[in-house]
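The values are calculated or read from the model by the stated rules, or taken from the named source; none is laboratory data. Computed from a predicted model, the values in this text were never measured in an experiment. Counting neighbours? That spans all protein chains shown, and the Cβs are built from the backbone with ideal geometry, glycine included.
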């Protein structure tokens, strides 16, 4: 009986890994240009937002010090409810006038399916923008220049 249970468990786990591996993804290079402002570096979170307007996944976090994650209020609520290991998708914060280039994977099935990319920004002793930039996840927006409304001047993508 234990042998059958173990064999079933191994088959289920192998099936889950093969299902995850089969999800088509495309690597996108993201070039983010900050507006000119004076102050500390911005903490920025790039999130995948589902068609219902809810957080689905954190794609990238710019800002290494966890104690400041609470300043990204809406994302932090999501992150504390649905804990994810973000250490592999975390980088440096970005200062005013600077440029950052990062790469992240986007599931191909999410493109042109009602999803959005949200760039949420916060700077110490300054404003917080829940939707500094929120763009529809479409082939058109992924090939266009997208202007921010707060600390982000613009974002451009290119497929790798």
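Of the candidates 86, 44, the single residue that is under 12 Å from the mean Cα position of the chain (by Cα) and without any contact (Cβ under 8 Å) to a residue 40 or more places away in the chain is 86. All of (1) in contact with a helix residue (DSSP H, G or I) (Cβ under 9 Å, 6 or more places away or on another chain); (2) modelled with pLDDT of 95 or more hold for residue 104 with one exception: (2).
Is one or more of the residues making up the range 4-19 closer than 21 Å to residue 152 by Cα and either loosely packed, with under 12 Cβ neighbours inside 10 Å or at pLDDT 95 or above (or both)?
Applying the first criterion (closer than 21 Å to residue 152 by Cα) to the range 4-19 yields none.
No, every residue in the range 4-19 fails to be closer than 21 Å to residue 152 by Cα and either loosely packed, with under 12 Cβ neighbours inside 10 Å or at pLDDT 95 or above (or both).
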